[in-house]
Amino acid sequence: MSYSSFTTASSSSPLTYPRKFSDSISFSNKFVLIRFPKTHILSSTKIQQKPGFGRSKAAHFTTMATTGSNQEVLPPAFTSTSDPPPVFDGNTRLYISYQCPYAQRVWITRNVKGLQEKIQLVPIDLKDRPSWYKEKVYPDNKVPSLEHNNKVIGESLDLIKYIDSQFKGPSLFPDDPARIEFAEELLSQSGSVHKSVTSSFKGEVEESGAAFDYIETALSKFEDGPFFLGQFSLVDIAYAPFIERYQLFLLDVKKYDITEGRPKLKAWIEEINKIEGYRQTRNDPKELVESYKKRFLVQV
Ligand SMILES: N[C@@H](CCC(=O)N[C@@H](CS)C(=O)NCC(=O)O)C(=O)O
C-alpha cells in the first residue's frame, strides 16, 4: 500500500473495551509506530505528510497517536437521583450515553484530538434520565450535547465538526476541494445507510448489501490510505460506531459477514480498531449484540 499511517505500538495487542469505572489503569508505550510500505519504524518524533489534510496539520498526528493511549477511567453514568454538575460554570462538558452510537462519534472526536482534559465527559443513563438534563442542559433531552462557552449544542454530525474546528488538536477534516466534497457526501449519506441496514434486520440480509457495497466503493476512492478519505477523518468517526454494530449483529444473528468479498471494508475495520481514541469508546460486543437484538428483533 502506498500510504503512511499511524497507530500506537500497543495497537497490536488484543482489542480491549473500555474498563468503565475501573481502578486500574494500563500504561502503554509512548512510541508511535509509523507504517511505511513494507516497513515498520518505531519513532516518537517522526511526522508524516497527510495528503489532502494540509502540511501544517501533519505534525499533530504524532499527538493523536500517543494521546489517549492510557485507558481513561470513565465516570459512572448520572441517573435520576444524581445531582447535576455545575452547569454553565465555564467548563466544557460533553453529555453522552456510553451506549449511544451518535454520542460515540463525538466522544471519539474528543479523544483523537487529545481533548480529554479540556472536555469533561458527563455520561447520562438514558433509561433512568435525570430530569435536570432536559430542564437545565438540553431541552431536546437527547445525547450527545456539548456545553461550551455558555451554550449547549447538539446533533452528532454538527458536533464533530464543531469540536474539530473550535478546539486544538489534529485536523480531522480535509482541506482540498475533492476530499471536502466527498466528505460532505458521505456524512450526509450516513443516515440513509443506517436506515437501509437496520431495515434489513427484519427481512432478508441481502437487502443491506447495497449499503455495504456503497461503503466498499467509497473506500476505494482515495488510494493513499485505508480510510474513507485516504487518511483518518471525521467521516471514519461518523461511520465507525455504526459499522461496529452492524458487523457484530449481522455476524451473530444472520451469520452474515459484511467483510466477505469486501476487502476495503475488511481493511478499514482492521485499521480503525487500531485507533486508540476509538478503541476506548467501544462497548462489549456481547452487550451491543444484545441491545440490537432487543431493539430490532422484537417482532421477528
Ligand atoms: N440526530 C441525533 C440523534 C441522537 C439520538 O437519537 N440519541 C439517542 C440515544 S442513541 C437519544 O438521546 N435518545 C433519547 C430520546 O430520544 O429520548 C444526533 O445525531 O445526535
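Throughout, read-outs are computed from the coordinates displayed, never taken from laboratory work. Everything numeric here is computed off the predicted structure, so don't read it as measured data. Counting neighbours? That spans all protein chains shown, and the Cβs are built from the backbone with ideal geometry, glycine included.
Dividing the mean sequence gap of close Cα pairs (under 8 Å, 6+ apart) by how many residues the range 177-296 holds gives a relative contact order of 24 percent.
For the range 92-166, what does the relative contact order come out to in percent, with C-alpha contacts under 8 Å and a separation of six or more? Please list the in-between numbers first.
Values: 100 pairs, mean separation 29.5, N = 75.
Reported relative contact order: 39 percent.
Between Val253 and Tyr162, the contour length at 0.36 nm per residue exceeds the Cα-Cα span by 29.1 nm. Give me the distance between the Cα centres of the range 79-115 and the range 161-219, rounded to whole Å. Answer, in whole Å: 23.
Rounded to 0.05, the FRET efficiency of the Glu260 and Ile180 pair, given R0 = 30 Å and the Cβ-Cβ distance, is 0.40. For the pair Lys151 and Asp83, the difference between a 0.36 nm per residue extended length and the Cα-Cα distance amounts to 22.5 nm. My understanding is that a pair violates if its Cα-Cα distance is over 25 Å; which of Lys264/Lys294; Lys221/Lys266; Lys142/Lys294; Lys113/Lys274; Lys161/Lys195; Lys136/Lys195 do that in this structure? Table pairs above 25 Å Cα-Cα are Lys264/Lys294; Lys136/Lys195.
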